[in-house]
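Okay, structure first, notes after.
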Amino acid sequence: MNTTTHRIVVLGAGYTGMMTAFRLARRTRRTPGVRITLVNPSPRFTERLRMHQIAAGQELADFRITELLDGTGIGFVEGWATALDAEAREVQVSGTERPLAYDTLVYALGSSTDTSLVPGAAEHAYTLNDPRTARRVSQELARLAERGGSVTVSGGGLTGVEAAAEIAEGHPGVNVTLLSREVPGAMMGAKAQAYLLAALGRLGVTVRSGVTVAKVLPAAVELGDGELLASDVSLWTAGVRVPRLAAESGIAVDAAGRILVDEALRSVSHPEIHAIGDAARVEQAWGTLHGTCQSGIPTAAYTADAIARRLRGRAVKPFRFGYIHQPVSLGRRDAVIQFTRPDETPRRMYLKGRSAVFYKETVSASPVQTYKLTKKLAGAALWPQGGRSTKA
């Protein structure tokens, strides 16, 4: 380890990587010798929570990472992390000659939609993984709207629901079908779920629950029972996969490729590596976190604090988190918010309609505002720690 400089490399500038970098910069501003470098393949900060809006033809704010980082002292390297030598503590980044050396690594590479689940999905279906692909969806929908046609959205999770609603509202002349193994909103309480389904109905979305997709074809989707559904545009939102970089680097991972971490979110095989967000398997007393911005940003804020404390020789408490809500947009003029217990089981309380729209928009806009506030106030991001349910 370099005795004069502590090199911290953050891989990934999504919601979690950005939070870690900003909060670390603020927490270590008086710690001599700390150098933070953020690595990301795109110069633009991607608001993954809003990809369905781009797909429906809406324009979003253009947040440039270097502009957001201005004044923080954080270095930025644009490129893909192509190789990781966990023993030498080096990361190779595309477009650079020399690898980036680190003393502490924050692995925040996130996840993407798994198009390997059925034949044809990778070749014939679109995803909402990035703005470029979402924009291609919007272009196809614009052409489709002129003559009419059909869209299938495979996956009845919250991403699929939001995409189907957004497309149906923005393109009323297009037939939208949502395909799902379970009834959409199954994780919600009965009243919130009923509202969600009614809203999809009002928008003209056909919901086909209890079905499986066997194959995606160029202009159709084949269901598990052999039925063919015409599909001029197929959108795939089912399943999640993480980059294979960690597994290929000899870091301990679970069957899905997520880094196995201890109670302080450090790799169990390489403790100088902190894994956060979708890329980590994070266990709590009530169960395993799943990939959402709601839980990802707290893992990032916690990790920034933990690294800063260790650099000052202070003890670190275990990470604790509990869910509080499931916010779902239903187009631009409707939404439903299911409030939850820390383990994400539904409470009785929920919001709908205009108040839910305001709530959801506040949630969606909060990450960038929090980053900006963190420049001045390190503790700008707080998170629910789950009370008794997260105590072992």
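The values are calculated or read from the model by the stated rules, or taken from the named source; none is laboratory data. Note that the coordinates shown come from a computational prediction; the quantities given were computed from them, not determined experimentally. So basically every Cβ, Gly included, is an ideal-geometry build from the backbone, and we count neighbours across all protein chains shown. To get the accessible areas, we keep the full protein, side chains included, count just its heavy atoms, and leave off ligands, DNA and RNA. Shrake-Rupley method; radii C 1.70, N 1.55, O 1.52, S 1.80 Å.
Quick look at the values:
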quantity	calculated
Sole exception among (1) open to solvent by 30 Å² or more (accessible area, probe 1.4 Å); (2) hydrophobic (A, V, I, L, M, F, W, C); (3) assigned to a strand (DSSP E or B) for V91, by number	(1)
Which listed residue, of L100, L11, L24, L84, is closer than 25 Å to R266 by Cβ, in contact with a Phe, Trp or Tyr (Cβ under 6 Å, 6 or more places away or on another chain) and either surrounded by fewer than 21 Cβ atoms within 10 Å (Cβ to Cβ) or aliphatic (A, V, I, L, M) (or both)	L11
Counted residues, segment 127-159 - those being closer than 18 Å to V174 by Cβ, of a type outside the set (S, T, N, Q) and either surrounded by fewer than 21 Cβ atoms within 10 Å (Cβ to Cβ) or more than 20 Å from the chain's Cα centre (by Cα) (or both)	13
Residues satisfying the stated conditions in segment 326-349, i.e. touching an Asp or Glu at 6+ places or on another chain (Cβ under 9 Å) and open to solvent by 20 Å² or more (accessible area, probe 1.4 Å)	R332, R333, D334
In segment 246-293, residue surrounded by the most Cβ atoms within 10 Å (Cβ to Cβ) [restricted to those that are assigned to a helix (DSSP H, G or I) and either of a type in the set (G, A, S) or modelled with pLDDT of 95 or more (or both)]	G277
Among the candidates Y359, Y350, residue that is touching a strand residue (DSSP E or B) at 6+ places or on another chain (Cβ under 8 Å) and touching a residue at least 40 places away in the same chain (Cβ under 8 Å)	Y350
Among (1) of a type outside the set (S, T, Y); (2) under 30 Å from R7 (Cα atoms); (3) surrounded by fewer than 19 Cβ atoms within 10 Å (Cβ to Cβ); (4) in contact (Cβ under 8 Å) with a residue 12 or more places away in the chain - the single one V106 does not satisfy	(3)
Any hit, segment 43-51, residues being part of a loop (DSSP other than H, G, I, E, B), surrounded by fewer than 16 Cβ atoms within 10 Å (Cβ to Cβ) and modelled with pLDDT of 95 or more	yes
Test: residue in segment 375-386 that is of a type in the set (G, A, S) and on the phi > 0 side of the Ramachandran plot	yes
Residue list for segment 226-242, filter: within 26 Å of I273 (Cβ to Cβ) and either among the aliphatic types (A, V, I, L, M) or open to solvent by 50 Å² or more (accessible area, probe 1.4 Å) (or both)	V240, R241, V242
Output for segment 162-179, where each listed residue is open to solvent by less than 10 Å² (accessible area, probe 1.4 Å) and either out of contact with any helix residue (DSSP H, G or I) (no Cβ under 7 Å at 6 or more places or on another chain) or modelled with pLDDT under 95 (or both)	A168, L179
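Conditions (1) at positive phi; (2) in contact with a strand residue (DSSP E or B) (Cβ under 8 Å, 6 or more places away or on another chain); (3) not polar (S, T, N, Q), marked per residue:
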position: Q284; (1), (2), (3): no, no, no
position: H290; (1), (2), (3): no, no, yes
position: Y323; (1), (2), (3): no, yes, yes
position: E344; (1), (2), (3): yes, yes, yes
position: V363; (1), (2), (3): no, yes, yes
